[in-house]
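**Student:** I'd like to ask some things about the structure below.
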Amino acid sequence: MLSEKMEKALNDQINAEFYSAYLYLSMSAYFEEIEYPGFAHWMKLQSKEEEDHGAKLYEYVISRGNNVSLESIEKPQDKWDSVEAVFTHVLEHEQLVTSLINDLVELAISTKDYATNQFLQWYVAEQVEEEENARDNLGKIKRAGDSKDLLFLLDNELGTRREED
């Protein structure tokens with residue numbers, strides 16, 4: 001069984017993961033609106049991945065004999081100034097999620113909740129990958145600058161993402 005403090009912290013993270021899914025779905029809709037279907041596709045898959053992260057936490061809390069308490073999901077931003085602004089937001093958001101995961105690990109260690117610490121190590125590694133992907137995509141977009149041709153090529157590239165990528 002999880003401590004009350006850990007149960008609350010994990011429930012907060014479930015909410016944060018579903019907010020992430022909602023944010024990326026909003027970004028997908030924005031890209032559909034401005035006619036970048038590849039970027040929209042990439043964001044839709046990113047949204048699904050975040051849903052999966054939330055569901056994994058949900059299952060863990062249940063498996064420990066605790067209660068899941070779902071909260072309202074804040075309305076995400078739905079307009080940006082540019083493709084670069086969206087991907088800058090993605091990187092900043094992933095860095096925030098990394099700090100939230102690190103806080104959970106710190107709580108698990110300080111309360112000697114070794115099982116939860118072990119469980120959270122998957123999220124620690126996942127966040128390294130998430131930040132790397134965000135930095136890589138942002139770097140490509142910055143190099144493309146205002147070139148519609150290069151953005152078109154990047155849109156096509158990101159449109160090839162498969163669910164397991």
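**Student:** All but one of (1) in contact with a Leu (Cβ under 6 Å, 6 or more places away or on another chain); (2) free of Cβ contacts under 8 Å to residues at least 24 places away in the same chain; (3) of a type outside the set (D, E); (4) closer than 18 Å to A16 by Cβ hold for K140, so report the exception by its number.
**Tutor:** (4)
**Student:** Can you pull out the residues in the range 107-135 that are under 20 Å from the mean Cα position of the chain (by Cα) and of a type in the set (D, E)?
**Tutor:** E126, E129, E130, E131, E132, listed by residue number.
**Student:** Tell me, yes or no, whether the range 54-64 has at least one residue that is at pLDDT 95 or above and at positive phi.
**Tutor:** No, the range 54-64 has no match at all.
**Student:** Here's a follow-up. Among the residues of the range 96-113, is any out of contact with any strand residue (DSSP E or B) (no Cβ under 9 Å at 6 or more places or on another chain), free of Cβ contacts under 8 Å to residues at least 24 places away in the same chain and within 30 Å of Y36 (Cβ to Cβ)?
**Tutor:** So far as the range 96-113 goes, yes, one or more of its residues are out of contact with any strand residue (DSSP E or B) (no Cβ under 9 Å at 6 or more places or on another chain), free of Cβ contacts under 8 Å to residues at least 24 places away in the same chain and within 30 Å of Y36 (Cβ to Cβ).
**Student:** All but one of (1) touching a residue at least 12 places away in the same chain (Cβ under 8 Å); (2) farther than 23 Å from Q13 by Cβ hold for F152; which doesn't?
**Tutor:** (1)
**Student:** Taking the range 136-158, which residues are within 20 Å of the chain's Cα centre (by Cα) and of a type in the set (S, T, N, Q)?
**Tutor:** Residue satisfying the conditions is N137 alone.
**Student:** Quick one: which of S20, S26, S47 is small (G, A, S), part of a helix (DSSP H, G or I) and touching a Pro at 6+ places or on another chain (Cβ under 6 Å)?
**Tutor:** S26 is the lone residue from the list that is small (G, A, S), part of a helix (DSSP H, G or I) and touching a Pro at 6+ places or on another chain (Cβ under 6 Å).
The values are calculated or read from the model by the stated rules, or taken from the named source; none is laboratory data. Bear in mind that the values here come from a model prediction, so they are computed numbers and not experimental data. All Cβ positions, even for glycine, are placed from backbone atoms using ideal geometry, and neighbour counts span all protein chains on display.
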